[in-house]
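Colleague: Can you keep this structure in mind? I'll have questions shortly.
The values are calculated or read from the model by the stated rules, or taken from the named source; none is laboratory data. All figures in this text were calculated on a predicted structure; none of them were measured in a lab. Don't worry about glycine lacking a Cβ; one is built from the backbone with ideal geometry, like all the others, and counts go over all protein chains shown. The protein model used for the area step is the full one, side chains on, heavy atoms only, and it has no ligands, DNA or RNA in it. Shrake-Rupley method; radii C 1.70, N 1.55, O 1.52, S 1.80 Å.
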Amino acid sequence: NCYRVEWAIWDNLLNENFKNLLGVLDSQQTGKLRAMQQAWIAYRDTTCNFYMDKIQGTMAIPMGAACAVRETARRAMLLQAFMQM
């Protein structure tokens, strides 16, 4: 549950940063940002779901959740950095 709460916080920040970044980009950049986000979501899901495949035990669940939190936090900060460029 702790990871779920933390993930929700980072996910809200990520979505806010994504929305704000969309507001300052031109149409070409907006399309590229959307494609970049879709590729990142696939990367995050594939990477974090691998814990279930590799570990195959009860520890896979919290480790996968920690991965999702970590990757979402990193992405939220990256999108924020793009706003400052």
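Colleague: Taking only the alpha carbons of the chain, what extent do you get along each of the three principal axes, in Å, biggest first?
Modeller: 46, 22, 15
Colleague: Among residues other than Ile61 whose Cβ falls under 14 Å from its Cβ, what is the net charge (Lys/Arg +1, Asp/Glu -1)?
Modeller: Values: positive: Arg4, Lys54; negative: Asp53.
Net of charged neighbours comes to +1.
Colleague: About its Cα centre, what dipole magnitude does the chain give when the only charges are +1 on Lys and Arg Cβ and -1 on Asp and Glu Cβ, stated in debye to the nearest 20? Walk me through the numbers before you get to the answer.
Modeller: Working: 9 positive and 7 negative charges, 18 e Å.
For this selection, approximately 80 debye.
Colleague: Hey, with R₀ at 22 Å, roughly what FRET efficiency would Cys2 and Met77 work out to, going by the Cβ-Cβ distance, to 0.05? Write out the running numbers ahead of the final one.
Modeller: Numbers: r = 20 Å, r/R0 = 0.92.
Result of the calculation: an efficiency of 0.65.
Colleague: Can you pull the percent of the chain's accessible area that's carbon plus sulfur, 1.4 Å probe, other chains left in place?
Modeller: Numbers: 3500 of 5910 Å².
For the chain, the apolar C and S fraction of the accessible surface comes to 59 percent.
Colleague: Could I ask something else about it? Calculate the FRET efficiency for Asn20 and Thr46 from the Cβ-Cβ distance with a Förster distance of 35 Å, rounded to the nearest 0.05.
Modeller: Numbers: r = 27 Å, r/R0 = 0.77.
In this case the efficiency is close to 0.85.
Colleague: If you don't mind, there's one more thing I want to ask. In percent, how large is the relative contact order of the chain, given Cα pairs closer than 8 Å and 6 or more residues apart?
Modeller: Values: 55 pairs, mean separation 45.8, N = 85.
Rounded, it is 54 percent for the chain.
Colleague: Write down the accessible area per residue of the chain in Å², having rolled a 1.4 Å probe over the full set of protein chains. Each step should come with its number before you reach the end.
Modeller: Working: 5910 Å² over 85 residues.
Heavy-atom SASA per residue in the chain reads 69 Å².
Colleague: If you don't mind, there's one more thing I want to ask. Could you order Glu71, Glu16, Glu6 so the one with the most accessible surface comes first? Probe is 1.4 Å. Walk me through the numbers before you get to the answer.
Modeller: Details: Glu71 15, Glu16 105, Glu6 75 Å².
Result of the area sort, largest leading: Glu16, Glu6, Glu71.
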